[in-house]
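For reference, the structure is listed below as structure tokens.
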Amino acid sequence: MSSIREWCDDAGGLRRFGLALVRDDRFVCDDLCAAALVDQLFRQASLTLAPDRRADARPTRARVFAQFVRLYRRHVRRLDAEEGDGGWAEGPVPSRCANGGAAAAVRALPLDLRETLLLVVLAGLTHAEAAEALDIPLAVAVGRLARARARVAAFMATGSARAPAGWPRAAHLRIVK
Amino acid sequence: MKRRLDAAEVFAYVDNCLAPAERRAFEARMRDDPELKREVAQWEAQNCAIRAAYGAPASARAALDLGASVNENAPGRKALAPALRRAPAARESGESRAKGPPAAPPARPAVGRRVARSLAAAAAFAAGLLIAAPPGGATWPRDPLLDAGLAAYRAFAASSVPIEFAAADPDAATRWLVTQFAGAVVAPRFASDELQLIGARVAPGMATRAAFLVYEDRLGERVGLMIEPIDAPPAKKPAWRETGGATLAAWMGAGFGLVAAGPSREPVAALARLAREAPPPAR
């Protein structure tokens, strides 16, 4: 089975991940999905012409998701530069998304936490693969994952960002006998 | 003996990132610690809630080496996919994903048990062959052009994905395609009451990127036509496949591989006929 076959088969998974990451903006998601897939096609073609074992060692699937994340970051940066704020942030959560549930909790997360959580939970990457995709150390990825999970739990339990009493805290140490 | 257990280990267990030996040790620890068990259950429930919210399969560790016929986008094979995915996932967790030392080999079973296992494995293999190649279904080796067309149809026409470039006029679609394919692909021009062009997009093809035109029939059902530029393909008559609620016809000629895909045979046959009868595009 060729590697082209593998990642083309998971176009649905990429789109689902993309929709969650871009907070249900279907047009942005489709553009970025197509761009990530086409980038991968060109990469595949160039690797066919000049095989690079070291570059090809990384799983192709993780690379497509990582490329989507990079493209979305670039998109956010460009939007932000056009708006002239000078900062690095997405816009507010769209009002049409202000319903309850896990999807709303994920949408309410900041981008760095959201992309880490979605790479692991929706895209199915390991923690190490997610850290590599985001170009951050593994410990930072695990920390972001912990914070994202705590926020989602708080949101789902109370509808706000405050964690309810008794809910397991994310980054804690416990003594186990 | 006391040991420190941090959230990273809990997350590693929940996200299936532990080596088999570490996983077994964690499960043993969880049996003795109801609080830890409750915590794991909560994070697992959260994972399930997030996956369910976005319509993802319960296990995100989907194997990708199974081909399009067990793609999660295939409605007819949804029930089959998780069962087939389990084996590669287990193999993966035991081999490539394991960062720790390999697990001890299992004890050799008795002869009778080995025979019974062999028979069971043979029966399972035969059942697998029947499931993988049902009567009337796709046979192996499959046509990669049909596979690419099927994937594009499921991703971009069968779902409610917006059109990348909306156009009812083939000339307008061609003007857009010229910018995407440097003039290599044009939308076929034909006049038909049966099918109306609604737009175009770029999709992954068999070996490179392809144009994917989306049409709507009189019932409002979407039919797709994938056009992939191919260097000197052999002329090929339409090959038909019906799989997972989709009907496809693929053919080659005039420097292109084409796939018409739709929910039923009639609109696909109409699109294939119209596209073949349309004047050949100039490259």
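The values are calculated or read from the model by the stated rules, or taken from the named source; none is laboratory data. Remember, predicted model here, so these are calculated numbers, not experimental data. In this analysis, Cβ positions are derived from the backbone assuming ideal geometry, glycine residues included, and neighbour counts consider all displayed protein chains. In case anyone asks, the SASA skips ligands and DNA or RNA and just uses the protein heavy atoms, side chains included. Shrake-Rupley method; radii C 1.70, N 1.55, O 1.52, S 1.80 Å.
Quick one: is B:E27 modelled with pLDDT of 80 or more and among the acidic types (D, E)? So that I can check it myself, show each step before the final result.
Working: modelled with pLDDT of 80 or more: yes; among the acidic types (D, E): yes.
So B:E27 fits the description; yes.
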Subset of segment A:110-122 (residues that are farther than 13 Å from A:R149 by Cβ and either facing chain B (nearest Cβ under 7 Å) or not aliphatic (A, V, I, L, M) (or both))
A:P110, A:D112, A:E115, A:L122
Does A:D25 satisfy the condition of being open to solvent by 30 Å² or more (accessible area, probe 1.4 Å), more than 19 Å from A:D135 (Cα to Cα), modelled with pLDDT of 70 or more and not aliphatic (A, V, I, L, M)?
yes
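Yes or no, residue by residue, for (1) touching a strand residue (DSSP E or B) at 6+ places or on another chain (Cβ under 7 Å); (2) surrounded by fewer than 16 Cβ atoms within 10 Å (Cβ to Cβ):
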site: B:A211; (1), (2): yes, no
site: B:V214; (1), (2): yes, no
site: B:V223; (1), (2): yes, no
site: B:M226; (1), (2): yes, no
site: B:K236; (1), (2): yes, yes
site: B:A239; (1), (2): yes, yes
site: B:G244; (1), (2): no, no
site: B:A250; (1), (2): yes, no
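What number of residues within segment A:20-34 satisfy the criterion of being aliphatic (A, V, I, L, M) and more than 7 Å from chain B (Cβ to nearest Cβ)?
Our first condition is that a residue be aliphatic (A, V, I, L, M); within segment A:20-34, this holds for A:20-22, A:28, A:32, A:34.
Checking which are more than 7 Å from chain B (Cβ to nearest Cβ) leaves us with A:21-22, A:28, A:32.
The qualifying residues number 4.
Modelled with pLDDT of 85 or more and either surrounded by fewer than 22 Cβ atoms within 10 Å (Cβ to Cβ) or not in a loop (DSSP other than H, G, I, E, B) (or both): which single residue out of A:R174, A:R147 fits that description? I'd like the intermediate steps shown before the answer.
Working: A:R174 fails: modelled with pLDDT of 85 or more.
Criteria check complete, one pass: A:R147.
Just checking, how many residues over segment B:2-17 are at negative phi and either more than 7 Å from chain A (Cβ to nearest Cβ) or at pLDDT below 75 (or both)? Full working, then the answer.
Of the residues in segment B:2-17, the ones at negative phi are B:2-15, B:17.
Then keep just the ones that are either more than 7 Å from chain A (Cβ to nearest Cβ) or at pLDDT below 75 (or both); that gives B:2-6, B:9-10, B:13-14.
Total meeting the criteria: 9.
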From the list B:A203, B:A157, B:A187, B:A152, which residue is at pLDDT below 85, in contact with a Ser or Thr (Cβ under 9 Å, 6 or more places away or on another chain) and open to solvent by less than 20 Å² (accessible area, probe 1.4 Å)?
B:A187
3 or more residues modelled with pLDDT under 80, open to solvent by 20 Å² or more (accessible area, probe 1.4 Å) and of a type in the set (G, A, S): qualifying helices (runs of 4 or more DSSP H) within segment A:53-144
none
Residues in segment B:195-223 that are small (G, A, S) and closer than 15 Å to B:P170 by Cβ total 3
For segment B:161-178, give me each residue that is within 14 Å of chain A (Cβ to nearest Cβ) and open to solvent by 50 Å² or more (accessible area, probe 1.4 Å).
B:E164, B:F165, B:A166
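Results for (1) more than 7 Å from chain A (Cβ to nearest Cβ); (2) in contact with a helix residue (DSSP H, G or I) (Cβ under 9 Å, 6 or more places away or on another chain); (3) under 19 Å from A:L145 (Cα atoms), shown as yes or no for each residue.
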residue	(1), (2), (3)
B:E22	yes, yes, no
B:A25	yes, no, no
B:E35	yes, no, no
B:Q46	no, yes, yes
B:R51	no, yes, yes
